[in-house]
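Below is one structure; the comments refer to it alone.
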Amino acid sequence: MRRSLYRWIRIYDHTDAECYNEQLHEWMEEDEPESRDAYEFPPVEEAIPEPIRTAKHWTYPSARRLLRRHVNGPHSIWIQKLLTLHRLSQLKGQVMRFEGEYDDPPVPSLLLVFRENDAIQACFDHESERYNETTNEPACAVCFRPEVGEEFDAALRTMAIFLRVNMELAGLITLFDEEWEEKHAGQREHRTEPSLRAA
């Protein structure tokens, strides 16, 4: 899912949290010795489930084969949405790429965590405090001249793909939320199940 989404929207997940943690360690090493005790390092590695650590070594084809084997199983609707997201990510769009024109990449549109308030969310919360201090790239931008039919059609196709990716993602988030609500209906329980959140 994360690889499919990265082409179209910026997400924040465990890989971003790992990078943030590494950056914190670098800052601490460069800081004055008396200031180093002030640094706190969220336990990102502990927040990543073992199957996700294993999946880092998978290839796209092996992941797709595994999903297709279970496409008619109990989680078929989730898997179908994941496969749809993957298909959409492969479609060619004319999204503009910006090199050095903005201070930072787009602000994340989605936060992907494994448990509510885990170390990944802690890293995001720390980093998000700085998101509006710089000029961020747009999440999706297309350039076209209305009088040039080919450019206009390409822009419409690109925006259609971008919207479909977001619609499929919204549907997946709804499925996660509905399943959690159904599983814990009537219980006063803190949400600790896997979670997707609009950043």
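The values are calculated or read from the model by the stated rules, or taken from the named source; none is laboratory data. Not measured: the values here are computed from a predicted model. Cβ: placed from backbone, ideal geometry, glycine included. Neighbour counts: every protein chain shown. Heavy atoms of the whole protein, side chains included, go into the accessibility calculation; ligands, DNA and RNA do not. Shrake-Rupley method; radii C 1.70, N 1.55, O 1.52, S 1.80 Å.
Only helices at least 27 Å long along their axis, Cα-based, and averaging -0.5 or more on Kyte-Doolittle count here, so list those DSSP H runs from the chain. Intermediate values should be presented prior to the final figure.
Details: long enough: 149-183 (51 Å, 0.02).
Helix filter hits for the chain: 149-183.
Does the range 34-140 come out rounded, prolate or oblate, given a ≥ b ≥ c as the square roots of the eigenvalues of its C-alpha gyration tensor, rounded meaning a/c under 1.5 and, failing that, prolate meaning a/b above b/c? Cα axes put the range 34-140 in the oblate bin. Count neighbours as other Cβ atoms within 10 Å of each site's Cβ, and list the GluC sites (Glu not before Pro) in the range 10-113 that are DSSP loop with at most 14 such neighbours. Of the GluC sites (Glu not before Pro), the ones in loops of the range 10-113 whose Cβ has at most 14 other Cβ atoms within 10 Å are E40, E99, E101.
Dipole of the chain, Cα-centred, from +1 at each Lys and Arg C-beta and -1 at each Asp and Glu C-beta, to the nearest 20 debye?
Computed about the Cα centre, the dipole is about 1940 debye.
Among the trypsin sites (Lys or Arg not before Pro) in the range 60-151, those located in a DSSP loop and surrounded by at most 13 other Cβ atoms within 10 Å of their own Cβ are K92, R97, R130.
Rounded, prolate or oblate, given the Cα gyration tensor of the range 115-175, with a/c below 1.5 counting as rounded?
Working: a/c = 6.41, a/b = 1.75, b/c = 3.67.
Verdict is oblate for the range 115-175.
Rounded to the nearest 20, the size of the Cβ-charge dipole of the range 33-112 about its Cα centre is 1140 debye, with Lys and Arg at +1 and Asp and Glu at -1. Among T54, T134, T84, the largest mean-square fluctuation in a Gaussian network model of the chain (Cα springs under 10 Å) belongs to T54.
Considering only P43, L24, L88, and ranking their Cα positions along the charge dipole of the chain that arises from unit charges at the beta-carbon of Lys, Arg, Asp and Glu, the one farthest toward the positive end is L88. Expressed as a whole percent, the proportion of Cα-Cα pairs in the chain lying more than 31 Å apart is 30%. Taking every protein chain into account, the accessible area of the chain amounts to 64 square angstrom per residue (probe 1.4 Å). Surface composition of the chain: carbon and sulfur atoms hold 52% of the protein heavy-atom accessible area at a 1.4 Å probe.
Which is the longest part of the chain that has none of the chymotrypsin sites (Phe, Trp or Tyr not before Pro) sitting in a DSSP loop with at most 14 other Cβ atoms within 10 Å? Could the numbers behind the result be given before it?
Details: sites that count: Y39, W58, F98, Y102.
Longest site-free region, per DSSP loop and neighbour criteria: 103-199.
Rank these residues by their accessible area, most exposed first, probe 1.4 Å: V113, V95. Intermediate results must be reported in sequence, preceding the final value.
Details: V113 5, V95 30 Å².
The most accessible residue leads, giving V95, V113.
Quick one: among V165, V71, V107, which has the greatest mean-square fluctuation in a GNM of the chain with alpha-carbon springs under 10 angstrom? Maximum among the listed residues: V71. Note on the chain: GNM, Cα springs under 10 Å; of T59, T135, T15, the largest mean-square fluctuation is that of T59.
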